[in-house]
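What follows is a short report on a single structure.
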Amino acid sequence: MSLLKQCQEKYFQKFSIDFGKTINDLFPIEISDLKEIFWYHLGIGDDPEKHGKRVRPLLTLLCTEGSGGNWESAIPAAIAIELIHNFSLIHDDIEDNGLTRRAKETVWKKWGLAKGINSGDAMFASAFIALDKMNGTIPSEILVEAYKLLSKTCLELTTGQQMDIDFETRENITIADYYRMISGKTAALLSCCTQMGALISGLGLEDQMCYSKFGNEIGIAFQIYDDWLGIWVDPIVTGKSASSDLVE
């Protein structure tokens, strides 16, 4: 069994249960189709191939335990980060005119543009509600820092996405420009995952920055490979629209 599979089996059963409960708690009265959209896009209860790799929550839980903390205490943070990631995907699909993700229709294509934007906004807001579930299980000062870290990361994420959109109308883009863009668009959130684990474990800022740099390097490599896949690999294999990022 691969190391990744072992990690997924260790962490994901409890994560998946808590993830589904968090979404149900957000929408106790089904007065709109927001809950349906959340479940559909997040792939809760679906085959693993249809809910994404969940690399970000896995990194958060791994780095919490790896830095000496209780990984279960970090599940709300892992859920919050996964919600931020998925909010960004819903809006990214709108911005890139993406028609498929994870081998099914994107949210905006299935429910329309207006509901796509609104559900993405709702998913963004829900992340901070999820994060608050650590209240009472970790020291309050650490929770405050976790809010700050997630908020700062969201700004970096959207700044990187803004650069990505701007690049579509520029004729000359350097490799350095590209690295700056993906450092925000992708690497910032993976950096947040690894630093969040160290923060929840109670490590000091210097050690947290080591974890942050580790996540940043993973994120840069991850996005380079993802862009390569988007052009040269069959969309049936990747499960999403071809060439939607790098070619644009």
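The set of residues in the range 143-176 being farther than 16 Å from Asp92 by Cβ and over 21 Å from the mean Cα position of the chain (by Cα) consists of Thr169, Arg170, Glu171, Asn172, Ile173, Thr174, Ile175, Ala176. Among the conditions (1) of a type in the set (A, V, I, L, M, F, W, C); (2) out of contact with any Ser or Thr (no Cβ under 7 Å at 6 or more places or on another chain); (3) under 24 Å from Phe19 (Cβ atoms), the only one that Leu157 does not satisfy is (2). Of the residues making up the range 211-221, those that are surrounded by 15 or more Cβ atoms within 10 Å (Cβ to Cβ) and either not in a helix (DSSP H, G or I) or not polar (S, T, N, Q) (or both) are Tyr211, Phe214, Gly215, Ile218, Gly219, Ile220. Please verify whether the range 36-58 includes one or more residues that are surrounded by fewer than 24 Cβ atoms within 10 Å (Cβ to Cβ), under 15 Å from Trp111 (Cα atoms) and free of Cβ contacts under 8 Å to residues at least 12 places away in the same chain. Yes. Return yes or no: is Thr174 closer than 21 Å to Asn86 by Cβ and either touching a helix residue (DSSP H, G or I) at 6+ places or on another chain (Cβ under 6 Å) or modelled with pLDDT under 95 (or both)? No: the conditions fail for Thr174. When the range 102-115 is examined, which residues are found to be farther than 22 Å from Lys53 by Cβ and small (Gly, Ala, Ser)? Scanning the range 102-115 gives Gly112, Ala114.
The values are calculated or read from the model by the stated rules, or taken from the named source; none is laboratory data. It should be emphasised that the depicted structure is a prediction, and the values quoted were computed from it without experimental measurement. Backbone-built Cβ (ideal geometry, glycine too); neighbour counts: all protein chains shown.
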